[in-house]
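Undergrad: This is the structure I want to talk about, given as structure tokens.
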Amino acid sequence: MGNNEEDAFHGFTEETLFGDLDQFEACLYWLHSESDDDEGKRNPGGSKPGKRLNKRRDFKKHYNDHAAQYFCDDPIYDERDFRRRFRMPKSLFWRVFNAVASADPYFEHRRDATGKWGIQPLVKVIAALRVLANALPADAIDEIFGMAESTVCETIHHFADALDRQFSGQYLRQPNEEDVQRLVQRNAERGFIGIPVAQAEHLLSEHSTL
């Protein structure tokens, strides 16, 4: 752009469009103020541009509610209710809970960046089990437990990984000869003599190759 063209361009923006420089600066100030106002509307939380304000969640209330329902001295729901909803007895639940909590620091009760206490480990484990046992959608867990859908998915990932590390060596290993004999005995007690020959040979052959 030549000097004459450049002068004409500045003359158009400052003189023709706005009349004088003061008016031009006033318009820029107004536009900047409007932009700040819009930014504030999009970002009431103030943490990141465009981020919505976090939902108000009462983690302690949800913990107290579930403790009263299942885990206090006189719970609202009995052992039969617990087993139906969690697909396991309460004794097994505590075994799973203790194993998961000791395997992954994700299940520690910690404060968040603002200093507020986060979700209790018990609630995280309950939420993960209810999704896996009852096929509840993560959005329903948000409503029941006050956990964001993304947090529910993250919790399930940590839960499954901790279970694998703690129990895979005991329950996901190949059966040995003693296991096969135990299966034969249990089948006999239930009226089934032995186990199918092909299955027994397959189990033992897999074990012999380990």
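Undergrad: I'd like the residue in segment 146-177 that is within 11 Å of the chain's Cα centre (by Cα) and assigned to a loop (DSSP other than H, G, I, E, B) and, out of all such residues, is farthest from S102 (Cα to Cα).
TA: Out of the qualifying residues, it is A148.
Undergrad: Now a separate question. Yes or no: Q120 touching a His at 6+ places or on another chain (Cβ under 6 Å), in the same structural domain as I144 (by TED's automatic domain parsing) and among the polar types (S, T, N, Q)? If you could, list the steps in order and put the result at the bottom.
TA: Details: touching a His at 6+ places or on another chain (Cβ under 6 Å): yes; in the same structural domain as I144 (by TED's automatic domain parsing): yes; among the polar types (S, T, N, Q): yes.
Against the criterion (touching a His at 6+ places or on another chain (Cβ under 6 Å), in the same structural domain as I144 (by TED's automatic domain parsing) and among the polar types (S, T, N, Q)), Q120 qualifies.
Undergrad: OK, next. Can you spot a residue in segment 63-85 that is assigned by TED's automatic domain parsing to the domain that holds F167 and within 24 Å of D164 (Cβ to Cβ)?
TA: Narrowing segment 63-85 to residues assigned by TED's automatic domain parsing to the domain that holds F167: 63-85.
If we keep only those that are within 24 Å of D164 (Cβ to Cβ) as well, we get 83, 85.
Checked against the condition, which is being assigned by TED's automatic domain parsing to the domain that holds F167 and within 24 Å of D164 (Cβ to Cβ), segment 63-85 yields at least one hit.
Each row is one residue, and each column tells you yes or no for (1) modelled with pLDDT under 85; (2) hydrophobic (A, V, I, L, M, F, W, C); (3) under 17 Å from the mean Cα position of the chain (by Cα).
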site	(1), (2), (3)
E79	no, no, no
R84	no, no, no
T114	yes, no, no
W117	yes, yes, yes
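Undergrad: Something else now. In this structure, does V100 turn out to be at pLDDT 80 or above, under 21 Å from K61 (Cα atoms) and surrounded by 11 or more Cβ atoms within 10 Å (Cβ to Cβ)? Before the answer, list the steps.
TA: On the way: at pLDDT 80 or above: yes; under 21 Å from K61 (Cα atoms): no; surrounded by 11 or more Cβ atoms within 10 Å (Cβ to Cβ): yes.
Taking the combined requirement at face value, the residue does not satisfy it.
Undergrad: Still on this structure: Go through (1) at pLDDT 80 or above; (2) in contact with a Gly (Cβ under 8 Å, 6 or more places away or on another chain) and name the single condition N187 misses.
TA: That leaves (1) as the condition not met.
The values are calculated or read from the model by the stated rules, or taken from the named source; none is laboratory data. Keep in mind the model is a prediction, meaning the values are calculated, not measured. FYI the Cβ positions are ideal-geometry reconstructions off the backbone, even for glycines, and counts take in every protein chain you see.
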